[in-house]
Amino acid sequence: MMILKLGGSIITEKGAKTPTINNNNLKRIAKEIKNALNYQKTSKDFNNGLIIVHGAGSFGHPFASDYEIGKPFNGSEDLEKKKKGFSLTQSWVKKLNSLICDVLREENINSVSIQPSSFVITRNKRIEHANLDLINQYLETGFVPVLYGDVVLDLEKSIKMAVLSGDQIINYIAKKLVPERVILGTDVDGVFNKNPKKDYNAQLITELTSLKDLESMDATTNIDVTGGMVGKIKELLELAHIGIESEIINAECENLIEKALCGQKVRGTIIKKNK
Ligand code: ADP
């Protein structure tokens, strides 16, 4: 089984103030996924299982940050405001998921939408409980479950609600379902020593094994509500430490997702266990 993440930076216009989809990327990537699934069927190296997790991008971050979901609330008025923000965010990310599932279906991929806020509970922003039996059953039946960054209920009384990133979902499901490959498509070639969008001299780090490798990294450049690149790497290092490798690749480069899903080694950053 493989897990593929489609970053919010790829499937939406991430910097947009209102929810804006990136249809060109989405349609191209859906074709690439279809080609890869066809290839996997003809090869006995693959078990034909795929879970897709996508980010929220401009369908989630503007609302989650405006309403400060995940921050302690200050009295009942603030709680009411946050509940409104929660409801709004949940609705927009669900719309994004629906659009993505539609495009996948246009390529004859039998996607099924799995809404995290309907089965995941966090405690202090980390997943406390999520029953994956249904996802397993969908996989066994040959569906492609599609999960996404969402807002969820949180058991910590001072916050009650949290933003759940696609990256944390990947961390959780990979630990439980132990995929053969975890591929994260984003809008840069991988992890660099500096933000490559801001510094042309940034060097690609091809292998990451510990947070120490990040010491040279300028972590202040990409703080979004779910932690940006540093948050992503922390989730993936946890997987690496239990032997589950992952790779961050550039989903804006044509065919990279397809090649990676077909088992080829492509340019990017591998997050792996220190030998
Ligand atoms: P996604 O939405 O695809 O999951 P994010 O937007 O959270 O991804 O993270 C990718 C972004 O992180 C890139 O667009 C890049 O501008 C930014 N970034 C900041 N620092 C780095 C770094 N050191 N290496 C790579 N990307 C970085």
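Close amide-amide hydrogen proximity is noted between Val53 and Leu4, Lys5, Leu6, Leu147, each under 5 Å apart and 5 or more residues distant or on a separate chain (H modeled in the peptide plane; Pro and chain starts excluded). Taking θ as phi - 60° and the Karplus parameters 6.51, -1.76 and 1.60, the scalar couplings of segment 97-107 work out to 4, 5, 4, 5, 4, 4, 5, 4, 5, 4, 8 Hz in sequence order, x denoting glycine and proline. Protein-only accessible surface at a 1.4 angstrom probe places the residues Glu235, Glu80, Glu106 in the order Glu106, Glu80, Glu235, largest first. Surface composition of segment 2-271: carbon and sulfur make up 47 percent of the accessible area, probe 1.4 Å. Loop-located chymotrypsin sites (Phe, Trp or Tyr not before Pro) in segment 153-204 (DSSP state other than H, G, I, E, B) with a sparse environment of at most 11 neighbouring Cβ atoms within 10 Å: Tyr200. Taking 7 Å steps out from each Cα toward its Cβ at Ser91 and Glu128 produces label points 2.8 nm apart.
If you roll a 1.4 Å probe over the heavy atoms of the protein chains, what accessible area per residue do you get for the chain, in Å²? Here the per-residue accessible area is 48 Å². The trypsin sites (Lys or Arg not before Pro) of segment 99-173 that DSSP puts in a loop, and whose beta carbon has at most 14 other beta carbons within 10 Å, are Lys157. Orientation-averaged projection of segment 19-129 equals 8.5 nm² [convex hull of Cα atoms, one quarter of hull surface area].
Taking amide H as placed 1.01 Å from N in the peptide plane, the amide H of Met161 sits under 5 Å from that of Gly70, Asp154, each at least 5 places away or on another chain. The heavy atoms of Leu211 present about 80 square angstrom of accessible area, all protein chains included, probe 1.4 Å.
A cut-off of 5 Å between modelled amide H atoms, ignoring neighbours fewer than 5 places along the same chain, links Arg123 with Glu128, Leu155. Model label sites at Asn108 and His241, defined 7 Å from Cα along the beta-carbon direction, differ in position by 4.5 nm. Once C-alpha pairs closer than 8 Å and six or more residues apart are averaged by separation and normalised to the residue number of segment 2-271, the relative contact order reads 22 percent. Have a look at the DSSP beta bridges in the chain and tell me what percent are antiparallel, nearest 5. Of the beta bridges lying entirely in the chain, close to 35 percent run antiparallel. Semi-axes of the equivalent ellipsoid for segment 2-271, computed as √(5λ) from the eigenvalues of its C-alpha gyration tensor and ordered from largest down, come to 27, 22, 18 Å.
When Thr209, Thr141 are compared by accessible area of protein heavy atoms, the largest-first order is Thr141, Thr209, using a 1.4 Å probe.
The values are calculated or read from the model by the stated rules, or taken from the named source; none is laboratory data. Keep in mind it's a predicted model, so treat the numbers as computed, not measured. Positions of Cβ are backbone-derived with ideal geometry, glycine not excepted, and every protein chain shown enters the neighbour counts. The protein model used for the area step is the full one, side chains on, heavy atoms only, and it has no ligands, DNA or RNA in it. Shrake-Rupley method; radii C 1.70, N 1.55, O 1.52, S 1.80 Å.
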